Amino acid sequence: INAEYMGGRDQFQEKKNQEQGKYEKEVHIYKKAKHSHEERMQRFEELKKDEEWKSNNLRRCPNCDKVVEKIDGCNSMICGRDADDKGGGNQQDGCGKRFNWNSSKPYKTDDRSMPKIEMFAKQAPQLAEGADHGDYMLCDLCHSRIIGLRFQCVNCPSFDVCSVCEGQLTSKHAASHIFRIHTKSDSVAPDLLFEGVTVEPTSTNSSDTELLSGDEQPGSSCQIT
């Protein structure tokens, strides 16, 4: 939150909702891109395994360079069909010439034909985490550590609540009290000051904070300290 007047609690919440919406949209885009990359990697791994199997089980005909698989039998091969002792059937695309299986070249993968898959380098979007106000800064309503916005009552000697419990202030704390809203730990000045209805700040000197007021009173004003 910058030091310029934002208009009040509703405007502040609207800004947070917009940030959340932007974050969720970025997450959707990120997950879609990651899923697409994972599918490409899966197909690539399947292709690698297929090529590995070919390298271990196939050879090339020394006469026409066709890829040949030996099913069973001796090492005397006929390119494109079964050997004579197998009946000579199962005609396929081949030169029909004889060769010896052991003397033929093994099948090797042409690396130039393999797809190039780059590492997935896109970073997951991060929703900015709130300030950590320290181990001893606990919410006086839920007694948990305050992470994120800290609501500090300026009328009480020591009363701070977290953003989760802020909505309970009207029923669990004096409605007329004013709260400083700290968005950063150890803030020199508050970000907002509120009771309920906005009163425009009279000054915007702080780079870290902003003021938001409560029930508007004649002549009342808020200024950044």
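The values are calculated or read from the model by the stated rules, or taken from the named source; none is laboratory data. If you're wondering where the values come from, they're calculated on a predicted model, not measured in any experiment. Here Cβ is always computed from backbone atoms with ideal geometry, including for glycine, and neighbour counts include all displayed protein chains. Side chains included, ligands, DNA and RNA excluded: accessible areas come from the protein's heavy atoms. Shrake-Rupley method; radii C 1.70, N 1.55, O 1.52, S 1.80 Å.
For this structure, a couple of remarks:
- For the criterion of being surrounded by 11 or more Cβ atoms within 10 Å (Cβ to Cβ), touching a strand residue (DSSP E or B) at 6+ places or on another chain (Cβ under 6 Å), without any contact (Cβ under 8 Å) to a residue 24 or more places away in the chain and of a type in the set (Phe, Trp, Tyr), Phe159 passes.
- Taken as a whole, the stretch 181-203 holds no residue that is open to solvent by 60 Å² or more (accessible area, probe 1.4 Å), modelled with pLDDT of 80 or more, not aromatic (Phe, Trp, Tyr) and not in a loop (DSSP other than H, G, I, E, B).
- For the criterion of being under 30 Å from Arg81 (Cα atoms), at pLDDT 90 or above, among the aromatic types (Phe, Trp, Tyr) and open to solvent by less than 60 Å² (accessible area, probe 1.4 Å), Phe99 passes.
- Candidate set: the stretch 30-66, residues that are surrounded by 12 or more Cβ atoms within 10 Å (Cβ to Cβ) and of a type in the set (A, V, I, L, M, F, W, C); chosen: the one nearest to Glu118 (Cα to Cα): Met41
- Look at the stretch 46-73: where a residue is of a type in the set (Gly, Ala, Ser) and a partner is open to solvent by 60 Å² or more (accessible area, probe 1.4 Å) and not in a helix (DSSP H, G or I), sitting 6+ places away or on another chain with Cβ atoms under 9 Å, you get Ser55/Pro106; Ser55/Lys108.
Here's the yes/no breakdown for (1) modelled with pLDDT under 85; (2) under 30 Å from Leu149 (Cα atoms):
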| position | (1), (2) |
| --- | --- |
| Glu19 | yes, yes |
| Gln42 | no, no |
| Asp50 | no, no |
| Leu58 | no, no |
| Val68 | no, no |
| Asn75 | no, no |
| Arg81 | yes, no |
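- Remark: pairs (first residue in the stretch 31-42, free of Cβ contacts under 8 Å to residues at least 60 places away in the same chain; second residue surrounded by 11 or more Cβ atoms within 10 Å (Cβ to Cβ); Cβ separation under 7 Å; 6+ apart in sequence or on different chains) are absent.
- Where Glu14 falls short, out of the listed (1) open to solvent by 70 Å² or more (accessible area, probe 1.4 Å); (2) assigned to a helix (DSSP H, G or I); (3) at pLDDT 90 or above: (3)
- Applying a threshold of 9 Å to beta carbon distances and a minimum spacing of six or more residues, or different chains, the list of pairs starting in the stretch 127-146 at a residue that is of a type outside the set (A, V, I, L, M, F, W, C) and ending at one that is modelled with pLDDT of 90 or more and not in a loop (DSSP other than H, G, I, E, B) reads His133/Asp160; Asp140/Cys153; Asp140/Asp160; Asp140/Val161; Ser144/Leu138; Arg145/Leu138.
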